[in-house]
Every structure is written in C-alpha cells, then in structure tokens.
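The values are calculated or read from the model by the stated rules, or taken from the named source; none is laboratory data. Because the structure is a prediction, the values reported are computed rather than measured. Note: ideal-geometry Cβ built from the backbone for every residue, glycine included; neighbour counts use all protein chains shown. Note: areas computed on protein heavy atoms with side chains; ligands, DNA, RNA excluded. Shrake-Rupley method; radii C 1.70, N 1.55, O 1.52, S 1.80 Å.
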Amino acid sequence: MKKISLIFTLVLSHGLMLAQNSCEEALEVSQGTHECETLIGEVSNDLECAGLLIGESVNWYYYTAEEDETLLVTSSLSQNGNWDSRLNILTGACSSLTCVAGNDDGGTGYTSDLTFEAEEGITYFIVFDDQWTTNSGEFYIGNEDDVENYVDPDDDGGGGDTPETLITFEATTLPNVITGDCVVDMNGDFLDDIVSVSGATATVSYQQENGTFLSGNIEGPTPENSPSWSIAAGDLDNNGMNDLMYGGGGGVSLMLRSDDGATFTEWATDEYVFCQRGNMVDINNDGILDAYMCHDVAPNVYMLSDGAGGFEYIQGGLGETPNGGNYGSVWTDYNNDGLIDMFIAKCRGGDVPENINQLHRNNGDGTFTEVGEEVGLADNLQTWSSAWADYDNDGDMDVFIGASSTSNGSHKMMRNDDGIFIDITTETGILASMPTGIEHVCHDYNNDGYVDIDISGTTMLLNNGDMTFTHSNTAVNNGPVGDLNNDGYLDIVSPFGGEIYFNQSEGNNYLKINPIGVQSNKNGIGARVTIESNLGTQIRDIKSGDGFGNMSMLTAHFGLGQDEIVESVTINWPSGIVTTLNNVYANNTLNIVEIEGDVVSVQEVLAEEFNVYPNPTSDFLNISSNMNFNSFPIEILDLSGRIVMSILVKDNRIKLADISAGTYLARINANGVYHQVQFVKE
Amino acid sequence: MNRIRLVLATVLVVIFTLTKCKRDDDMLPEDCITPVEGKFNFNQFPLPNLSDYGFFIGDMKEQNVTDDILPYDVITPLFSDYAHKKRFIWMPEDAKATYNVDSELLDMPDETIIIKTFYYENVQPINETQLIETRLLYKLNGEWKFADYIWNDDQEEAVFDLNGQNRDLEFINDDGELISLTYRIPSETECFTCHKRTNDALPIGPKPQNLNKTYSYSDGAMNQLEKWVDFGLLEDDLPTSVETVADWTDENLPKLDRVRAYLDMNCAHCHREDSHCSYRPMRFAWNETLLMENLGLCIEPAEPIDPFQTYVVAPGNAARSMMFYRMNTTEVSQRMPLMGRTIIHQESVDLIGEWINELEINCE
C-alpha cells in the first residue's frame, strides 16, 4: 500500500516537474516572497545542518548575493499559519555543500526564521526539508525592512511573559558526541572531557589545551544496563582512572576502566533496580568511592566498593520508603559537621509517603538518620531534582527544590538557618509560574561570585547576591556542565548530543580547584572547598552526580567577580584532613593534593627554580628545587603535548620506568601556570 | 457495620468450607484437618509450582481449566510485547463479586484468584507455542497478592519466581515477520508498580467496562458479565446498560474511541487519580478522556525530552507530539509505557499517529 502510493507520487511529481527537486535543479529566487511547493525533491547524500540531518524530501532554491548583505530568510509570515517548516542555508558546489545556517521553530509557532551574512557573488541554497512535514508554504528572503506579513518572533506573546536574556550561550556543533550526558576529566589532565555512551562504547571527546577536542573510544562489553536514567563518574576501584556508573531501567552497571583507561569491565546488579539519580560517594568513609542509586519503586540501593573491582550490594538504610519515589539524590554536608549528608527529591502521585522529600543525616559511623521533618524539608512537592549551594554565601548550603509538576506546589527556595530550612521563596523573586522540569542544577554561570540556577534549560535564575534572583531567558538544553574551553566560564553540553553551548559571559574572574585525594577518595568527592576573598566566603562540595540524570565536572568552580586575589583556599577532606593555601591569584586552576596543614602558596613555588636531573636519564628523574613539590603533581608530556604520566613527587624524585625512550617535557601544573623543562629518557 | 459483615462472612466461609470438605471425595484427608480450608489452602500460598494448585486438567500447557474456573477476556487488552494471554478467574463457591461502577474494578471477595498465562506462538527455531509465565493475583484478608510461575523449557511445569528475569526469544508474527525481543518477566516490585492505587495492590482488567462483551464459552457464546452472574461469580445487580470501552482494533469505530480505549488499558493505571504518575496532567481512564485536555491535547509536556515536542498531543502533528514520541521509542527512560513493553507496538503507534494528524484544532 505504501509502496504503491509512493510510486504514484513519483509519477505525479515527474509530470509536474518543478525545477526544485535537487541541488542541480534549484530554482533561482530574488529578494521577495516566494512559494515553496509541497516538498518532493531529494538530497543526494547525508547533509547535516545546525545539528540535524537534512531530511529525505526537500525543495531547493538559490540566491546569489549582489553585495555583502544581511539577509533575513523566514517562513514566519501571517499567510503561513503554523507551517511546520525547517530551513537550511547551504553553500558550495552541489557535490560538497556546507551548512551556513539552519533553523527550526525560530519564527512564530513552528515556522522558521534566520538571518545570515551573505557575501557578494556567493550563491546560497535555501533548502526546506521534511523533518516535520512536506506541506507547502511561503518564504521570504531579503532585507529585514522590506518583508510583508512578517510575524516577528521577537514580538511573540507581546513580550509580557518571556524574560530578557541576561546570559548567553553560543552553540557549537561537536561531532562524535551522540548523547552528551557526561562531562568529566577522563585522562587526568584536569581539562573537562565529554563522554558519550552508545552501547558497548564510550566515546570520549578529550579537551585539548588549544581548545580542540580529540576523540577516543573506551571499549568494553555491551553493558547489561545503559545509562538511560543517569550517569555518574569517579574512580571506584582506585586505579587512577575514572569509572562510570550507568543507571538503567532494570539495574545498575558499574563500568570499571582498566589501568590504561582503554577498556571497561562491567559489574552489574543481579537485583532489579529501577534506577533514577545515581552518585559516586564514599558512603562508609574508607577512602574508596562507593556507588549509590535512587530506586523509583523500592528502597534505595548502594554498592560498597572494596577498591579492587568487587562490590557489596545493599538495599536499605538510605531511603527506605517501601515503594520508592526516589528521583534526585544530592550528597552534600548540610550541617557543616564535615560528614556528607544526602537529600532525596521525591515524587509520586497520590497522598503517599513516597513523595515526601527526605534528608539523611550522616551519623559518622556508616549509618544515616532521616531528618527531613526535623529540618523542614519533609515536603510533598513533586520533584525530580534539587540544586544545593550556598546561595547567600553565609557558609552553609541552601537548597532550591525544583518542581517537576505543580500539583503539590511550585519551586521552592529553602534557606539554611543553622541547619533548619526556611521557605523564603516569596522573598526571592522566583516566580511560581516558571516552567517545571526535571533537571535543576546550580553553578556560578556569570562568575560574579554568587551561584545561579538553571531550570531545565528554559530559564536561568541569576543570583543578585542578596538572595533574590533575576529570571533570564536562556533556552539551552541543559545537559552536563563543565569548562569546555578552559576559559573559566562554565559551558553546557546538549544532553541530546551534537552541541556544546559555550558561555559568552566575560569580565569576571574565577578560580578552579581540583582536589586530589590521598587518604580520601582520589576524586575528592565529598570534600568541602572554601575560599575567602573580598567578596566574602564561598563554599562548594565536590559531587559526582547532581541534577537528575547528567554527570557534571568534578572541579570546584568559583566566580570571583572583580576579586584578583583569593586570601585562602581550604579543603576539608572526607578523611578529616584540612589543607589550606594562602594568597592565590584569580583566573587559575589549582590541583590540590590532600595534605594536612598549610601548603606553600603556589606563587612561592613558581618563584623558585625548577629543574630536573640527570639529563639524559634512565629510570628516575630528580626534581631540583628547595621547595616542597609534594603538593603538586608533575606531568610528563611527549613532544606532541600528550600527557604520558601525571605523578606526585616523592622524596624529590619520580620514577620513569614506565615510559619509553624519547624526549619529554616535565612540567609542574600549579596555579594554571606551567613551569616546564625538557629532558631525554634513554 | 462493615466489621459485623466481615465476621458474618468469615463464619459463613468456615461453615461452607467445612461442608465442602466433607462432601468432596477428591480432598485429601489431611486437607480437611484445618477448619478454614476450602478448595485451596491460602495459608500456604504462594505454592511452589503451578501444578500444585490443580487449576488445570490434562496436559497443563493446554491450559484447560477445571469446571469451577472461568476463562475471560477483556475488550481492549494491555500490549505486552505481542505476547498472547489466557485469563481465568476463580472465586470461592459461596462468595460473589459485586458491581461498583462501570469504570472501576468489581469488588471481588477474599480468596478470589485471577490467573493469566503469557505465551507466544510460532516461537523459533522450531515454530512452537511457548508458554512463558503464568501470573496470579489472589485476594487475602482484603489485600491482593502477586505470584508468578515461570514455565520450564519442556513446558510441563511452571515454578514460582518473583525475582524477575529476562527471556530472549524470536517469533514469527501474523504478517510472517520475525520479531526478536528480550521479554521481561516482572519482579514483584514491577508487578506492583502498575497494579496499584495509592499503595494498595489491585487487578486492572476486571472492570465492567472491559468485560462487557460476548465470549465463546465451551457451552456456547454469552455476554461475559451475564455469564459471571450465571456462574455465581457476580451478584445480579448490574445496571441495565454498561458504559463500555471500544475494541481498539475495530476499524468501524471512531478513531477517538479506539484511541481512548487503548490509552485506558495501556496507560491509565499510571495516569489517573491517585496513581503512580497522577502528578502529570494526563488522565487516560476511559471515563476521563471525553475531556480532550485529559488526553494531553495542547498540553505542554512538563518533562521535556526535546524542545521540538511542543505538546503532549500537538493537533495535526504527530511528529511534534510527546505521546507519539514516547510510544514510538524503545529508549528505556523515554518509552511509554515504561514497563511491560520493550518493543514498539507499531499498530497502536499508527493509530495514535493517524488520530493526531487528523485533529484540526488550533492550540493558541
């Protein structure tokens, strides 16, 4: 039946033969309004534009610019109604077209609307494709001032409801990112990478210092559970390689990376687990990360790691509501006792305990007590995730609880007053009419020193610094967060893959801190990082897994506003060890190793001589300096810039046995400034 | 008042079961020792093997039930990865279900047992019929309990297992196409996730609206509700007319009714009041979907997957409709229903798509 109608269509179209069926037969258009017939043309090969593959049935038009000009191409015309068009602008020879611009839904309703800079003498193809429909409509090309019947999308809705855009992100297409739900440093160079899992393969886009990405695969068995619901990262087996945790619909898969990082082995639950948010965190504080998983329909589960690839599966003790309702867990220290606690955003229809949010206070002996009622967080708000941060920079963690549905009330801002949470939503300017969603994450997106909130990729709540927030219309698909061009501003990856949204903010300072655990887990997950600057005190807890489903960077990122000096950086490690650095410069990345006491400041280190000997050498490299290098890793790079090892200095020397002969660079990666020397290994 | 009734009922049960025990020659003597025993000793439920219940006579895989067990069918069934189903019900001799309303479960007495066998035909490589599991729902002290029996390879016995497991299989469908899937046998937790209202377990199918059809019994065709009355399963207090769901496969019926019937059986256990997902605006029960907004028409998704899906049901535009998208995917966190389906039910996706594309409504 389908085949017959297809043949009929082809015959019919051949009879009408409009010269818009292929690139070669494109119809020339001049400036003005034109009809786009029912889409029947073809695309000869796979063409991608604006992150989407151009469909199978397309119509082709072309326009040659007579001068350098800004052209509006739009189907947002009143006669089009709600024509569900998708528009692509291509240029080049028909055999090698490239995308200039593309748009879907940029006009009113489902219509398309874009402007682009045309160059004199260049021919541009205007291509409508069948992503949504093959229906006909009209389009305009030309000067913005001459368009007739234009429905300006900027006037949509009278401008009443939509807030202004106060922070902007620019989308950049990145190949190899099929599903972009994980941003974390995967190769130990302290640059955030993007992990895209598809079946047995995790494709990692490794961020390079020059701002490009190099793609590499981690292969393993086809996992029993895919990261459909959530993904988290961290080093579960203490081999120095970040592993992944997949939260699937029927169980948990822990994907453990080999010592060289190239392959996975899998540990999977035998038991049925309807996964939601998963986290890696050292639950029993033995210095080794464990894996925790929210269960949608039963008590939560966790897997205690023995540090050697073995796990003990435990159900109960961390959220025991019989029928679950556990959606978004966040591990953070709410009462500043140095022990990491856990909040669960809960959701369930009906008047049942499954939808009462819970806070599990860490007793410090491996057990937890549910204190939601006691602290004012036992709310039946239907929520899938919460965003924890010290929004008022008073030294304790507050919480924004993001509504997934308004059936039991809308979003709430709860201020932490000495361990009791007070609902201050009405004073914050946060509107109940804000869209609902499932992903609520918080970072200082504009580096002004106050943590902002991203609401499911529709709205950003920019923190004014006085516990009030300004709504910004920032519609980026909010996937995982990290600094993907190492400029100190946080970027976002589309969870649907294909795009990075680069933060366009500028003018403020920042400080990034990577804790390197020794007694505590290597990732420093659960560490409290506190900085003091003119702005005051800021705190971060290192978390693996926040929001609902994605994994964001493990780096503590601080905006500093105009502050150029941070007087102190303090890390309170899960082990109880406290490490302090004094007087560090802004706009740097500090990699801080877990050492008791005051660490020499980075500036002092760099002021000293840094050299290595003997040169050439064979097995060992001695570090020549009268300073204590034990707080910073030495990195060894080959001449292509690839880091071949990153190692802590012990007794002023490092072992080189594992690297092959050749010329290398040794550098200290401290304070973001590299101090490096060349040496030869024989 | 209720308590008095309950006590009275218990007394009656005891009397009847004692009587039954005396007159039943097939009963083993030891079964008659405890006074509360009827045909089944519910204290020992769930029994280790399906054959222990004695539901079936002859070769168990033929699924021929004893005379006191009645087969039944529902007008529009739940889609379970194209598995076929055989349904049976048993109630104690002295007890009857009572009518509540058309859209709600019959009030079934204690010790009701609902039996449902899931099987496939033309299973490869030898093109045989294969029974996969037989699920039981039984009511004890006012509470419904789950049991599941997984059939062994030689199809002679099914063994109790409520831990859940996956079963890879391939079968040839009615169109001659080979379908491969990993069939999910649910764990008790999974059973309960769909079979509940607030936190009370319950069956889904046996509502007057789903039963009100003719069934071909071994002794002739008859309306199921009338048969249940005749058979002693149901009090004779039915209304003169029952608001009945459509047969979703009946192409002579209006598309909207077929859609409503499909959504009722496949979605409403979670999308109705006091259910798993009642915090979402959709209400898919048959008696709620006359209101088009309950179907999601022009309702923006509260849980966006992709910004291109503008509404749960975007009139005239299935490709923009979250309902269509979720029914047309197997991605574990996006598919609907979330449980009980691992492959796409193409026929229902086609129906939903056609229905949406024919809607001529402007949302703004």
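For the stretch A:106-133, the set of residues classified as hydroxyl-bearing (Ser, Thr, Tyr) and farther than 13 Å from A:ASN82 by Cα consists of A:THR115, A:THR123, A:TYR124, listed by residue number.
Hey, does the stretch B:289-297 have a residue that's open to solvent by 20 Å² or more (accessible area, probe 1.4 Å) and facing chain A (nearest Cβ under 10 Å)? Within the stretch B:289-297, not a single residue is open to solvent by 20 Å² or more (accessible area, probe 1.4 Å) and facing chain A (nearest Cβ under 10 Å).
Looking at A:GLY261, A:GLY250, which is the one that is open to solvent by 10 Å² or more (accessible area, probe 1.4 Å) and either part of a loop (DSSP other than H, G, I, E, B) or at pLDDT below 95 (or both)? Testing whether each residue is open to solvent by 10 Å² or more (accessible area, probe 1.4 Å) and either part of a loop (DSSP other than H, G, I, E, B) or at pLDDT below 95 (or both) leaves just A:GLY250. Going by the structure shown, is B:ARG167 closer than 27 Å to A:GLU354 by Cα, modelled with pLDDT of 95 or more and surrounded by 13 or more Cβ atoms within 10 Å (Cβ to Cβ)? No; evaluated as a whole, the condition is false for this residue. Note on the stretch B:328-351: among residues that are among the polar types (S, T, N, Q) and in a loop (DSSP other than H, G, I, E, B), the one that is farthest from the other protein chains (Cβ to nearest Cβ) is B:ASN328.
Within the stretch B:204-214, count every residue that is surrounded by 18 or more Cβ atoms within 10 Å (Cβ to Cβ) and touching a strand residue (DSSP E or B) at 6+ places or on another chain (Cβ under 9 Å). Of the residues in the stretch B:204-214, 4 are surrounded by 18 or more Cβ atoms within 10 Å (Cβ to Cβ) and touching a strand residue (DSSP E or B) at 6+ places or on another chain (Cβ under 9 Å).
Is it true that B:GLU226 is within 14 Å of another protein chain (Cβ to nearest Cβ) and in a helix (DSSP H, G or I)? For B:GLU226, the condition - within 14 Å of another protein chain (Cβ to nearest Cβ) and in a helix (DSSP H, G or I) - is not met. Take the conditions aliphatic (A, V, I, L, M), free of Cβ contacts under 8 Å to residues at least 40 places away in the same chain and over 25 Å from A:ILE314 (Cα atoms) and apply them to A:LEU377. Does it pass? It is false that A:LEU377 is aliphatic (A, V, I, L, M), free of Cβ contacts under 8 Å to residues at least 40 places away in the same chain and over 25 Å from A:ILE314 (Cα atoms).
Each residue in the stretch B:249-289 was checked for being of a type in the set (Lys, Arg) and outside any loop (DSSP other than H, G, I, E, B), and 3 of them qualify. Out of the residues in the stretch A:90-141 meeting the condition of being open to solvent by less than 10 Å² (accessible area, probe 1.4 Å) and under 29 Å from the mean Cα position of the chain (by Cα), tell me which one is nearest to B:CYS363 (Cα to Cα). Across the stretch A:90-141, the extreme among qualifying residues is A:GLY107. Of the residues making up the stretch B:178-209, those that are polar (S, T, N, Q), within 23 Å of B:ILE132 (Cβ to Cβ) and in contact (Cβ under 8 Å) with a residue 40 or more places away in the chain are B:THR182, B:THR193. Quick one: is B:HIS271 surrounded by 21 or more Cβ atoms within 10 Å (Cβ to Cβ), modelled with pLDDT under 95 and closer than 20 Å to A:ILE438 by Cβ? No: the conditions fail for B:HIS271. Filtered by the rule that a residue be surrounded by fewer than 18 Cβ atoms within 10 Å (Cβ to Cβ) and not β-branched (Val, Ile, Thr), the stretch B:47-62 gives B:LEU47, B:PRO48, B:ASN49, B:SER51, B:ASP52, B:GLY54, B:GLY58, B:ASP59, B:GLU62. Taking each residue of the stretch A:412-433 that is free of Cβ contacts under 8 Å to residues at least 12 places away in the same chain and basic (Lys, Arg) and looking for partners that are part of a strand (DSSP E or B) and surrounded by 13 or more Cβ atoms within 10 Å (Cβ to Cβ) with beta-carbon atoms closer than 8 Å, six or more apart or interchain, yields nothing. Quick check on B:VAL229: is it touching a residue at least 60 places away in the same chain (Cβ under 8 Å) and either open to solvent by 30 Å² or more (accessible area, probe 1.4 Å) or not basic (Lys, Arg) (or both)? Judged against the criteria, B:VAL229 is not a match.
Candidates are the residues of the stretch A:350-369 that are within 14 Å of chain B (Cβ to nearest Cβ) and without any contact (Cβ under 8 Å) to a residue 40 or more places away in the chain; the one that is farthest from A:ILE420 (Cα to Cα) is A:GLY350. Would you check which residues across the stretch B:301-327 are part of a loop (DSSP other than H, G, I, E, B) and either within 22 Å of the chain's Cα centre (by Cα) or within 8 Å of chain A (Cβ to nearest Cβ) (or both) and list them? Correct list: B:ALA302, B:GLU303, B:PRO304, B:ASP306, B:PRO307, B:PHE308, B:THR310, B:ASN317. In the set (1) at pLDDT 90 or above; (2) closer than 15 Å to A:GLU138 by Cα, A:PHE116 fails one condition alone, (2).
In this entry, A:GLY488 passes the filter for residues that are surrounded by 22 or more Cβ atoms within 10 Å (Cβ to Cβ) and on the phi > 0 side of the Ramachandran plot. Any chance the stretch B:114-137 includes a residue that's open to solvent by 50 Å² or more (accessible area, probe 1.4 Å), more than 27 Å from B:LYS61 (Cβ to Cβ) and in a strand (DSSP E or B)? The answer is no; no qualifying residue exists.
Selection over the stretch A:238-276 of residues that are within 24 Å of the chain's Cα centre (by Cα), more than 11 Å from chain B (Cβ to nearest Cβ) and not polar (S, T, N, Q) gives a count of 13.
Taking the listed residues A:LEU304, A:LEU318, the one that is outside any loop (DSSP other than H, G, I, E, B) and either without any contact (Cβ under 8 Å) to a residue 40 or more places away in the chain or away from chain B (no Cβ under 14 Å) (or both) is A:LEU304, with no other qualifying. Residues that are closer than 20 Å to A:ALA262 by Cβ, in a loop (DSSP other than H, G, I, E, B) and polar (S, T, N, Q) within the stretch A:170-220 comprise A:ASN176, A:ASN187, A:GLN208, listed in sequence order.
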